[in-house]
């Protein structure tokens with residue numbers, strides 16, 4: 001590592017590692033720097049691709065609105081819903097207090 005064309009320097013790796021509270025040995029820092037440099041180099045290649053006239057893609061599959069109207073449907077009556085409750089209090093399930 002350390003060539004003039006490198007996008008990521010060891011100092012960059014150390015800085016980001018400190019932000020993420022990560023500890024790397026010197027050899028690991030070198031390895032991470034090489035890998036990150038390779039990734040950023042690939043991103044630079046992708047930026048050179050002419051995307052003029054290509055519609056932006058937010059998802060690989062066409063999506064339709066999955067929301068529906070919030071309508072009241074069939075429900076259980078209170079007695080049926082509470083029929084198997086281990087404990088109940090009036091018309092409610094009684095559950096242990098959790099703090």
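The values are calculated or read from the model by the stated rules, or taken from the named source; none is laboratory data. Computed from a prediction, not measured in an experiment: that's the story for all the values here. A quick note on method: Cβ atoms are made from the backbone with ideal geometry, for glycine too, and the neighbour counts reach across all protein chains shown.
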Subject >> Unmet criterion (only one of (1) more than 30 Å from residue 12 (Cα to Cα); (2) part of a loop (DSSP other than H, G, I, E, B)) for residue 49 >> reply: (1)
Original post:
Could you say whether any residue in the stretch 86-99 is modelled with pLDDT under 95, out of contact with any helix residue (DSSP H, G or I) (no Cβ under 6 Å at 6 or more places or on another chain) and assigned to a helix (DSSP H, G or I)?
Top reply: no
